[in-house]
Amino acid sequence: MRAVGYWVSEEKLNFPHPEKFVGAYSSQALKERCLGIFAREMSISSDGDISQCRFECGVSPHEIGSKCLTDGFWLWPEGLAHYVSAHDVVLPDEFVFMWSLAGERLSPTNMITTIQVKSMIFLSGLNTVKAHNNRRVE
């Protein structure tokens, strides 16, 4: 599973700050398509820790949420939609491309257990974070 949208915190000092990924989508339609991905509610776990926006914009922590969401291939935090919508955080090309190809065909039918997710967030997330860090926003 590939992780996207996990940001620096007191527990995850080696993760990036979302400001590194602020940019512009090639079109408003593409941005709206990305936001549509997050409307599907594919929750697989909730660690109970309510997060806060790393931009400190004042949004309610409950809007950022505490769930981990997945499509069976990608893993992202519930609040990632906020970063895309409110702060123009650009998602990795691979994530957008996969969803563009898959359209409505992907579903959360091949979910993995919460224990597997918790252990994989760190392991697979670091590779995604490193790849995402090397991505240029144009």
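Values computed for the structure shown
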| quantity | calculated |
| --- | --- |
| Matching residues in region 12-71 - criterion: being over 20 Å from ASP88 (Cβ atoms), part of a helix (DSSP H, G or I) and in contact with a Ser or Thr (Cβ under 7 Å, 6 or more places away or on another chain) | PRO61 |
| Hits in region 52-88 - residues which are in contact with a His (Cβ under 9 Å, 6 or more places away or on another chain) and within 15 Å of PRO18 (Cα to Cα) | CYS53, ARG54, PHE55, CYS57, ILE64 |
| Any hit, region 51-58, residues being touching a residue at least 24 places away in the same chain (Cβ under 8 Å), in contact with a strand residue (DSSP E or B) (Cβ under 8 Å, 6 or more places away or on another chain), buried (at least 17 other Cβ atoms within 10 Å of the Cβ) and aromatic (Phe, Trp, Tyr) | no |
| Qualifying residues in region 15-30 (those that are among the aliphatic types (A, V, I, L, M) and touching a residue at least 12 places away in the same chain (Cβ under 8 Å)) - the one surrounded by the fewest Cβ atoms within 10 Å (Cβ to Cβ) | ALA24 |
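Coordinate-derived values only; no laboratory data. On a predicted model such as this, the values are computed, not experimentally measured, just so you know. For neighbour counting, all protein chains shown are included, and Cβ atoms are generated from backbone atoms with ideal geometry for every residue, glycine included.
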